[in-house]
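Just below is one structure, and these are the notes that go with it.
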Amino acid sequence: MKKIHSFTAVLLLVFAGVCQAWQQRVEYNIEARLDTAEHRIYATQHLRYFNNSPDTLTAVWFHLYPNAYRDNSSFFAREAEQQQDYRSRHSSPEDKGWIKINSLLVSDSTAVFKYGPEYGVPFIRGGRADEMAIFGDYGGTHPAVNKKFKEPKYKLDSTSASLELPIPLAPGDSVDFYFDFTVKVPKFFSRMGHEGTHYEISQWYPKIAVYDAKGWHADGYHYIGEFYGDYGSFQVGLETPKDLKIGATGSQVLEYDDQGQPLDDIAGYHLFAADNVHDFAWCADPEYIETTEQHGDIGITVLVRPKDKERWKNVMQYAKDALDHYGRWYGQYPYPALTVCDGDMAAGGGMEYPNLVIVSTGEDQYTRTLEMVVMHEIGHQWFYGILGNNEMDQAWLDEGINSFSEQRYFEEKYGPAGNYLAKESLRKLLPEASNRNVGRMIPYLYSANRMDQPVDARACISGEMGQYAASAYMKPAAMMWWLKGYLGNSTFDRVMQGYYRDNQFRHVGTEKFYEAVEKYSQKDVKPYFAPWLKTTGMSDYSVASVRQIKEQRNTYSITLARKGNLAIPAAFSAEDAINKKYDVLWSGRGRDTTFLLQTDGKLVSAVIDPDNVLLETNRWNNCRPRRYRVTLGPRLPSFESYNMFWLPVPWYDNVNGFRLGTMLHGAYLADGDPMVGHHQWTFSPFYGFKSKEISFSFDYQTPVGLRPRPPRAYLTAGSAFDINYAGIGLKRTWGPRLMLDPTESFDLKLDYTRYKDYRFWDPRDVDTAAVVSLMAQRGYGLTRHWGRSSFLSRITIGYIQRPESDINNYLKFELEEKLNVRINKHINPRFRLTVGYIQGPAPAQEQFFLAGSFKTTGLDNMLASGKDWFSTQEHYHVDGGANLPGYYGTHIRGRNMWAVNLTLPVMKSPLSLFAGAGQVSNDWLEFTAGSIRADAGLSLALGPMRLMFPLWINKPEEGKKQFDWRWTIGFGGSGEGMGIKF
C-alpha cells in the first residue's frame, strides 16, 4: 500500500465534507500483447487505487467481465437465453471467451480472488422462476438456491469477484494491485469480440468496482444493462501485429527507439494515455482506412473498413455536427481526441466508450439510421463519459437524456416532420416517421399493454430489451421534453449547462439532477419527476368539453380533465378564427377544471399539451374538435388523429370476371397484439362485372378491459357470392413479456354462415345450409434453444338448419402442433402435426380437406374465389386441413383427419423443400397404411406470396402421373412454423 501524506489525507477529507460528496480515484498502467493466431491478450496491469471515502476498506471488488463468455452458467449466458438469444448456447468452445488471472499481488502480498454469490443480483421479471432466476438472496430464499443444502443450482458467476486486503485501506490511503492476466477474445456475442482479425476489445481488464456512499457496485456482466466506473488516468501500451490499425480511448503517445524511429512504425506498438475517464476500450483491424480531421481543438479519427467506405462517407460530418450541437447545448467536449470505429458488435447498433464510439451499421438510402447511431453514441461522451451515472441503477440519466438530445438534434437539423427519413418525398408522405414519434411508440406499447416498469428500475431486471428501451430511453426522453416546455428554452439550457459544469468527471445520480434544476431555475421538479421515475403511472389528459355561452358573444366554457394518477402541469392552447392564440397552464392537480375563455373571434380549436410533451396512452381526446385524417393508402399511426384510408383493389377470377372494389380502413393508431389501438374497422365492397354481383365484408375490433395485453372484442360480417356470414367474438394473447415467448392465447367466437346456392361455389366443397357455431380455441407458444413450439386446440359446436335431417348438431375437435427445430445453423426443419375429429353431420365446408383449408380469412377473403382454378381447393392454397397441396383439384374431404408436414428451408434462401403425409375420411376404420396419401415438392417465398410446386404425389388420380408439374399460390406464412432467430 502507498501511504498518502497525513496532511494531504486531511485536506481530502475536509474537501469531501465541504462538497458533501467524494469519489474514489484510479490510475491504470497496462501493457498488453494481442495474439491474433490464438485470439488472446497477454497483459500486465498496475492499478493504484485511492480511497477518498471516509470508510476503512477491508476488502475490494473487481469486475472480470470477459468471464461472461466462459460458459453457459454466467449471468450473461443465462439471461441471453431468457431473451431467446442462443448464440452463446450454440457456439463451440473455441468461440468462447474468458479472463484468467495468472498472478495477483496487493502491494507486496500475494492475493487470491473469491468468487461467490455474496453480491446479490435481483430476480429477472417474466418467465418461469426456475429458468428466469439468477442469484439473489443467498441462503435459500430464492428460486435459484437449493433450499435444503443452501447451495446454488448453477456454477457461480465469475464476472465479479472480491479479495480481502492484507492491510485495511484507511481513508486517504492508496493501494497498489499488480496483475498478470490472459484474456481469450470470444466471437461476437455482445460487446467484446472478434471476427477473423477484426477486434473490438472492451470490458477486458480487471476493473475495480465503484465504491460510493451506497457501498460496492460489483454488478456482474448482464445481457441488459451497462456499467459504472471510477474516474482516473489510463496509460495503455498495446503490442499488435504491425498491419493492424488501432482506435482507442485517449490520445496516442509516440515513443521512439534509440535511432529516433517511432516504435509504432517498427514493432506495432501503440501507447495511449487518457485522463479523467472511467474505462478504456480499443478496436483493431488490418483493413481499417483512417481519416483524421481537426475540428477546433478536437482531433476526430474515423476508422472504416473497405466494405463500408462508401456507406460511411458522411460519418466525419456527423461526428462534427454532434460535437457542435452537444457543445452548444451543454458544454464543450473537454478531451483532445475522438475516434469513431466501424464495428461488428452484437449488442445493438453502437456502443460508447470514453473518447471512442463503435458503430455497427451503415448508411441506407431511405433513413438516417447511421447518423442517428453515430450522434447518439457521441452524445454519450457527455452523458455517461463526462457525467458518470450508474448505468445499471439509473440508466435514464445517460440513455434517457441522450435519447432526448438525439430527438432534439433531429428536430433542429431537419425539422419535426419525417426527420428520420432521408428522402424529401418520403418525409412528405410519412410525416409521422420522425425520430421523436417513432421513439414514443415504444413506451406507448408497454404502457398501453400495462407491462411497463418504473424508469428507475435496475436495468438487469428488465424482462426484455423492449421494456428496457421504454423505461431507460424513451420514457425519460419524453420527461425531458416536458421539462424543457415547463422551464422554457433558455432556462432549460441554463439548467443543463449548469448540471454539466458542476459535475464534470464526477458520479451523478437523480438527486444531482434535481439539485441542478432547482439551483438554475428556482423550481422544484421532484414532485413531478419522482412519480415518473418510481411508478408506472400514466395520465390521460383531455379537452372534455367546449361549450359556447349563448348570452355572451365569443365566450366559451372549457372543461379540462385528467384520468390516471400522475398530476403534471400541462399547457392548454386555443385558437380563434382570426388566428389569435390563447395559452393557459393547468396544474393538473384536480381531476378536472372548468374555466371561461373570452376570445376575439370564433373559437376554432382547443388543445391540451399542444407541444406533445406529456406521456399519455390516448392523445386523440386532447383536442376539440377531434382530428380525423383520410388518405389514399395507409399511413403510419398517429397519436394525434383518427386515421382512415381508402385503397382501390382490382382483381380477377373466373366466376366474377374483373372485380373492382376498395378497401376502407379506420383506426386510432393500429390494433393487433402487441400494438394497442382503438375502434379499428375495415369495410371492403366489390363489384363483379361478369357476375354483376355486389359483395362486401366488414371487420371491427377494439381492446376491452384493463388486463395486461388486453382482450379484443371483434365482429365480422359480409355478403359475397351467395354467402351471408356474421360473427362476434373475444380473443386475447398474453404472456409474462410483450415481445417474447412464452405466450398463451384464446379465441371464443359465435358464428353464423349461410351458403345459398352453387352459382359461386363448387358443390363438392359446400352444403347449401345455414350453420350456427360456437368455437373455442386455446393456444400456447414456447421458444427454447432447440427451436420453437406452438400448440393449438380448437373445439366447435355447430347447429345446421337442415329440415331433412333428424340430427342437426355436430361437434368438431382439432389439435395442431408446430415445431421449428434447430439442428445446426444451416438445418432448421419445420414440422406440423395435426389430428381432427367430427362427430355428427357437419356440412361439407366444416369438414377437413386433404389439400388445405377451405375457409379463408383476411386478405384471402378478397383474393380467393369459390370455385374453378382460383378456389382454395384448386390453385389458391390456404394452410390448414391435412395441408397436402399436391392434391389440389381432388376436393377430398372427411370428418376424420391426421397429417404430418415437413418444410426444410434451403440455407437462408427463399427456397424450401416440403413433404407431407396424411389421410382424411369419414370413418377412422378407413385409415390404413395403404390409404395414406403423401406429396413432396418445392416452395418459393416472395414477400407475402408463396409459390408451391408439389412435384410428386403417391396416389395420383386416374390418368395422372406421380411426378408432374403442379403449382399453387398463396399469401401469408408457411403452415409448418414461423421463423426464429437462433
Order the peptides 363-369, 679-685, 317-323, 353-359 from the highest to the lowest mean number of other Cβ atoms within 10 Å of their residues. 353-359, 317-323, 679-685, 363-369
Give me the lysines in straight-line cross-link reach of K690: C-alpha distance below 30 Å, same-chain residues under 8 apart excluded. K756, K855, K867
Compute the Cα gyration tensor for the range 506-549, then decide on rounded, prolate or oblate, letting a ≥ b ≥ c be the square roots of its eigenvalues: rounded whenever a/c is under 1.5, prolate when a/b is larger than b/c in the other cases, and oblate in all that remain. oblate
Positive minus negative residues near Q381 (Lys, Arg vs Asp, Glu; Cβ under 11 Å): -3
What is the helix-to-structure angle for 489-502, meaning the angle in degrees between its Cα long axis and the longest Cα principal axis of the chain, kept from 0 to 90 and rounded to the nearest 10? 50
Looking at this model, which pairs from K114/K214; K307/K475; K187/K307 are more than 26 angstrom apart at the alpha-carbon? K307/K475
Checking rank on 916-922, 560-566, with mean other Cβ inside 10 Å and highest first, the result is 916-922, 560-566
Rounded to the nearest Å, the spacing of the alpha-carbon centers of the range 290-359 and the range 872-940 is 56
Treating only the Cβ of Lys, Arg, Asp and Glu as charged (+1, +1, -1, -1), what charge dipole size does the range 721-971 show about its Cα centre? Round to the nearest 20 debye. 1020
Please work out the C-alpha center-to-center distance from the range 645-699 to the range 461-482 and express it in whole Å. 37
Determine the relative contact order of the range 721-971: mean sequence separation of Cα pairs under 8 Å and six or more apart, normalised by residue count, in whole percent. 12
Answer label for Cα Rg over 2.2 N^0.38 Å (calculated), chosen among (1) 1.34; (2) 2.29; (3) 1.09: (3)
Probe radius 1.4 Å, ligands and nucleic acids left out: which of Y178, Y335 has the largest accessible area, and how do the rest follow? Y178, Y335
I'd like the carbon and sulfur percentage of the solvent accessible area for the range 666-773, probe radius 1.4 Å, heavy atoms only, ligands and nucleic acids excluded. 63
Of the accessible area of the range 405-460, with the probe set at 1.4 angstrom, what percent is carbon plus sulfur? 60
Nearby aspartates and glutamates by direct alpha-carbon distance to K512 (threshold 19 angstrom, same-chain neighbours under 8 apart not counted): D212, D230, E391, D393, D398, E399, D456, D493, D502, D524
Looking at the square roots a ≥ b ≥ c of the eigenvalues of the Cα gyration tensor of the range 395-512, which shape do they give, rounded for a/c under 1.5, prolate if a/b is larger than b/c, or oblate? oblate
If a/c stays under 1.5 just call it rounded; otherwise compare a/b with b/c (prolate if a/b is bigger, oblate if not). Do that for the range 541-624, with a ≥ b ≥ c from the square roots of the Cα gyration tensor eigenvalues. prolate
Sequence gap at least 6, Cα distance under 8 Å: using those rules, report the relative contact order of the range 541-624 to the nearest whole percent. 36
I'd like the Karplus ³J(HN,Hα) series for the range 559-575: coefficients 6.51, -1.76, 1.60, θ = phi - 60°, whole numbers in Hz, and an x wherever there's a Gly or Pro. 10, 9, 9, 9, 9, x, 9, 9, 9, 10, x, 10, 7, 10, 9, 10, 9
For the chain, what is the relative contact order in percent, using Cα pairs closer than 8 Å and at least 6 residues apart in sequence? 6
Counting only protein heavy atoms and rolling a 1.4 Å probe, one gets per residue an accessible area for the chain in Å² of 42
For the peptides 815-824, 758-767, what is the packing order when you average, over each peptide's residues, the other Cβ atoms within 10 Å and list the highest mean first? 758-767, 815-824
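The values are calculated or read from the model by the stated rules, or taken from the named source; none is laboratory data. Model, not experiment: these values are computed from the prediction. Cβ: placed from backbone, ideal geometry, glycine included. Neighbour counts: every protein chain shown. Heavy atoms of the whole protein, side chains included, go into the accessibility calculation; ligands, DNA and RNA do not. Shrake-Rupley method; radii C 1.70, N 1.55, O 1.52, S 1.80 Å.
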